[in-house]
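The values are calculated or read from the model by the stated rules, or taken from the named source; none is laboratory data. What you see is a predicted model, and the numbers here were worked out from it, not measured in a lab. A quick note on method: Cβ atoms are made from the backbone with ideal geometry, for glycine too, and the neighbour counts reach across all protein chains shown. Heavy atoms of the whole protein, side chains included, go into the accessibility calculation; ligands, DNA and RNA do not. Shrake-Rupley method; radii C 1.70, N 1.55, O 1.52, S 1.80 Å.
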Amino acid sequence: MSAPVRTARVAGGGSAAPVARRRADGRGPGPVARVGTDRAPDFLRELSAAGLLLETGVPGLYGRSARFEALIEAIDQFLTRFTAADGAERLRFPPALPRRELERSGYLEGFPHLVGTVHAFTGDEREHRALLADLEAGRDWTMRQRPTAVALVPAACYPVYPTLAARGPLPERGVLVDVASWCFRHEPSRKPTRLQFFRMREQVRIGEPEAVRAFRDDWLERGRRLAGDLALPFEIASAHDPFFGRGGRILAASQEEQGLKFELLVPILEEGGPTACLSFNWHRDRFGRTFGLRTARGEPAHSACVGFGLERLALALLRHHGLDPERWPRAVRAVLGS
Amino acid sequence: MSDRLVNEIRALLAREGFLAVDVAAIGDRDDLYRAGLTSHATVDLMLALEDRFGVEFPGRLLTRRTFKSIEALATALRELLPAEVTG
């Protein structure tokens with residue numbers, strides 16, 4: 001999700017002991033030491049020179065080559081196999097949601113700085129001429145656009161909650177949804193681990209509080225297994241979201257205090273700490289109440305989601321196993337089906 | 001503890017409707033979160049206190065503990081305010 005400050009390691013039962021961030025050296029076969037003194041933009045240059053990412057001139061907005069996409073597809077299919085036995089309902093949405101749903105989701109309370117909304121020109125011919133005149137003169141022409149009913153999704157799971165709420169009360173055992181989408185967050189950066197457009201695959205569990213808690217405990221364990229399968233050095237730590245402003249520090253402290261978020265962190269860049277490649281968010285009954293999601297018993301449903309950053313997992317693999325996937329360790333290639 | 005400062009905080013809590021209960025029923029040391037103060041309302045409260053007292057909470061005070069009770073808020077504000085205001 002970002003580069004949150006982590007103060008604690010997450011234990012299975014939610015108890016957490018203070019711990020200093022530790023380097024992952026020696027954990028897993030990844031040649032972490034080789035990372036050396038690389039700085040964020042250097043890794044971007046490396047990826048660009050290797051023909052993996054194609055720069056567009058806008059930080060965080062990159063093209064992907066066939067080789068990079070083959071890796072993304074392999075990771076996506078690996079996640080499909082990793083979660084196959086869960087029997088999740090597969091849903092797919094465009095990388096957008098009704099602006100109305102974003103507005104009532106509460107996202108603007110915490111993250112007004114990350115939101116992207118779609119605007120379009122709806123004027124007449126005279127206004128069109130004026131727009132072209134603005135463009136010609138180098139003035140701001142975008143003020144002549146109006147907001148549409150569409151906003152960009154900041155996380156793949158947002159369209160899931162209103163969609164499921166519209167079905168009526170949940171079945172007795174709740175639901176498990178597999179969702180994936182391109183996502184947008186306005187945080188331009190030269191760090192290849194912080195993209196404005198990226199892909200997120202998620203599992204969303206909605207149901208009784210105990211079921212959602214069990215889902216959380218399960219993923220604390222499975223996250224470790226996932227990183228092990230990919231032979232990536234990692235740590236799991238409680239975390240908080242990059243809430244907006246000074247007041248956001250209070251929200252962040254509250255989120256962390258309640259143990260609502262944990263991340264699977266892999267060192268990718270030398271600077272700024274390790275990168276969250278998996279992020280688990282426990283919403284309690286917030287979305288249940290916000291979107292009117294009811295359990296079979298008529299109570300506000302609890303929910304949680306676990307998200308996988310596909311580009312971040314790809315970058316983690318490229319960092320630790322080398323820029324040429326054909327030369328990766330046999331075990332890693334096997335688990336990725338190549 | 002200055003009664004004046006505590007009364008100012010109480011007046012502000014009552015006026016803005018931060019709590020789920022009547023502020024008069026809340027003791028100075030009672031837990032405001034238990035009284036219905038949400039995380040987002042805490043941010044509103046922070047901004048309202050800053051406007052009212054012309055101060056800015058530094059990063060080290062932006063914790064839940066600072067906003068936990070009327071007494072905790074008064075302690076934090078006394079630290080930020082010149083002595084003649086709190087005296």
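So for segment A:309-332 (the condition being part of a strand (DSSP E or B), out of contact with any Pro (no Cβ under 8 Å at 6 or more places or on another chain) and closer than 26 Å to A:VAL204 by Cα), does at least one residue qualify?
Yes, that holds for at least one residue.
Table: residues versus (1) surrounded by 12 or more Cβ atoms within 10 Å (Cβ to Cβ); (2) more than 10 Å from chain A (Cβ to nearest Cβ); (3) in contact (Cβ under 8 Å) with a residue 12 or more places away in the chain; (4) farther than 26 Å from A:GLN255 by Cβ.
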position	(1), (2), (3), (4)
B:ARG29	no, yes, yes, no
B:LEU32	yes, yes, yes, no
B:LEU47	yes, no, no, no
B:ASP51	no, yes, no, no
B:THR63	yes, no, no, no
B:GLU71	yes, yes, yes, no
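Under 9 Å by Cβ, and 6 or more places apart or on different chains, what pairs join a residue from segment B:1-27 that is at negative phi with one that is among the polar types (S, T, N, Q) and surrounded by fewer than 12 Cβ atoms within 10 Å (Cβ to Cβ)?
Every condition considered, no pair remains.
Would you pick out the residues in segment B:16-30 that are among the β-branched types (Val, Ile, Thr) and under 18 Å from B:MET46 (Cα atoms)?
Listed by number, the list holds a single entry, B:VAL23.
Any residue in segment A:72-99 that is in a helix (DSSP H, G or I) sitting within a Cβ distance under 9 Å of a residue that is modelled with pLDDT of 95 or more and of a type in the set (Asp, Glu)? List the pairs, counting only those 6 or more apart or interchain.
Pairs that qualify, where the first residue is in a helix (DSSP H, G or I) and the partner is modelled with pLDDT of 95 or more and of a type in the set (Asp, Glu), are A:ILE72/A:GLU311; A:PHE78/A:ASP229; A:LEU79/A:ASP178; A:THR80/A:ASP178; A:PHE82/A:ASP229; A:ASP86/A:ASP178.
Is it true that B:ARG4 is under 27 Å from A:ARG286 (Cα atoms) and of a type in the set (Lys, Arg)?
So B:ARG4 does not fit the description; no.
Every residue in segment A:53-71 that is within 21 Å of A:ARG185 (Cβ to Cβ) and either open to solvent by 60 Å² or more (accessible area, probe 1.4 Å) or not in a helix (DSSP H, G or I) (or both), please.
The answer is A:LEU53, A:LEU54, A:GLU55, A:THR56, A:GLY57, A:VAL58, A:PRO59, A:GLY60, A:LEU61, A:TYR62, A:GLY63, A:ARG64.
Return yes when A:ALA151 is small (Gly, Ala, Ser), in contact with a strand residue (DSSP E or B) (Cβ under 8 Å, 6 or more places away or on another chain) and farther than 20 Å from A:ILE72 by Cβ and no when it is not.
For A:ALA151, the condition - small (Gly, Ala, Ser), in contact with a strand residue (DSSP E or B) (Cβ under 8 Å, 6 or more places away or on another chain) and farther than 20 Å from A:ILE72 by Cβ - is met.
Could you look through segment A:155-212, keep only residues that are out of contact with any Gly (no Cβ under 9 Å at 6 or more places or on another chain) and aromatic (Phe, Trp, Tyr), and pick out the one that is least open to solvent (accessible area, probe 1.4 Å)?
It comes out as A:TYR158.
Hey, can you tell me all the residues within segment A:113-127 that are open to solvent by less than 70 Å² (accessible area, probe 1.4 Å) and farther than 28 Å from A:GLN196 by Cα?
A:GLY123
Looking only at segment B:3-17, decide whether some residue is closer than 16 Å to A:GLY247 by Cβ and within 14 Å of chain A (Cβ to nearest Cβ).
no
Could you check how many residues of segment A:239-273 are in contact (Cβ under 8 Å) with a residue 40 or more places away in the chain, within 27 Å of A:PRO41 (Cα to Cα) and either within 14 Å of another protein chain (Cβ to nearest Cβ) or of a type in the set (Gly, Ala, Ser) (or both)?
Number satisfying all stated conditions: 7.
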